[in-house]
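The values are calculated or read from the model by the stated rules, or taken from the named source; none is laboratory data. Note that the structure is predicted; figures quoted are calculated from it, not measured. Using ideal geometry, Cβ is built from the backbone for each residue, glycine included, and neighbour counts are taken over all protein chains shown. All accessible areas refer to the heavy atoms of the entire protein, side chains included, with ligands and DNA or RNA removed. Shrake-Rupley method; radii C 1.70, N 1.55, O 1.52, S 1.80 Å.
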Amino acid sequence: MKMGSMPIAVLMQRRSVRHVWADEAWEAVGVVPDRGNLPHVQMLSQTPERDYYLVSGLELELYPDENEGYYENVMAPESKVFVLWRMEDGRAMPVRASVSYVEGTRMFDSGENADGVTMSADIYAWVAAYLREHYQPKPRRGRQHG
């Protein structure tokens, strides 16, 4: 059961590289709340060396079965938004995003393209407020010998 959602936009980057196997590299470099009225894809900057474009239409969703992963992420030294993306028509397009550390690990382990992007203060405050209301950390147990 979904407990909350936040519309977001993902800042994507293409940069030229000199490599035997690739001419360009793609990555998600930012995630911001989408306050509405954004076009699906908006080119922000375009040069031969580097492009930046903003992709809207995604949502961060919070589910109770991922609470441990949200908690781990919020408690990490640098909280992240995990973005899974795929190539579509010659451009990297985000298809899913999560603030669960566990789900982010699954994205990286899937073999698909995924990036961890520094979580903005707005998104961090939203996740932290959700956790305060819906999550109680499990008490740590001491070492058990046996």
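Computed values, structure above
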quantity	calculated
Residues of segment 73-123 satisfying the condition of being more than 15 Å from Leu11 (Cβ to Cβ) and acidic (Asp, Glu)	Glu78, Glu88, Asp89, Glu103, Asp109, Glu112
Within segment 114-137, tally of residues that are of a type outside the set (Val, Ile, Thr), in contact (Cβ under 8 Å) with a residue 40 or more places away in the chain and open to solvent by 70 Å² or more (accessible area, probe 1.4 Å)	2
Only listed residue being out of contact with any helix residue (DSSP H, G or I) (no Cβ under 9 Å at 6 or more places or on another chain), farther than 21 Å from Glu133 by Cα and in contact (Cβ under 8 Å) with a residue 12 or more places away in the chain, chosen from Ser45, Ser110	Ser110
Subset of segment 68-109 that is part of a loop (DSSP other than H, G, I, E, B), open to solvent by 20 Å² or more (accessible area, probe 1.4 Å) and at pLDDT 95 or above - its residue that is nearest to Pro137 (Cα to Cα)	Ala76
Segment 22-60 - residue that is among the hydroxyl-bearing types (Ser, Thr, Tyr) and crowded, with 18+ Cβ neighbours inside 10 Å and, of those, farthest from Pro94 (Cα to Cα)	Tyr53
Some residue of segment 7-21 being touching a His at 6+ places or on another chain (Cβ under 9 Å) and either in contact (Cβ under 8 Å) with a residue 24 or more places away in the chain or crowded, with 17+ Cβ neighbours inside 10 Å (or both)	no
Positions within segment 63-104 being of a type in the set (S, T, N, Q) and either more than 21 Å from Met3 (Cβ to Cβ) or touching a residue at least 60 places away in the same chain (Cβ under 8 Å) (or both), in sequence order	Asn67
Candidate set: segment 13-40, residues that are hydrophobic (A, V, I, L, M, F, W, C) and farther than 22 Å from Val127 by Cβ; chosen: the one modelled with the highest pLDDT	Trp26
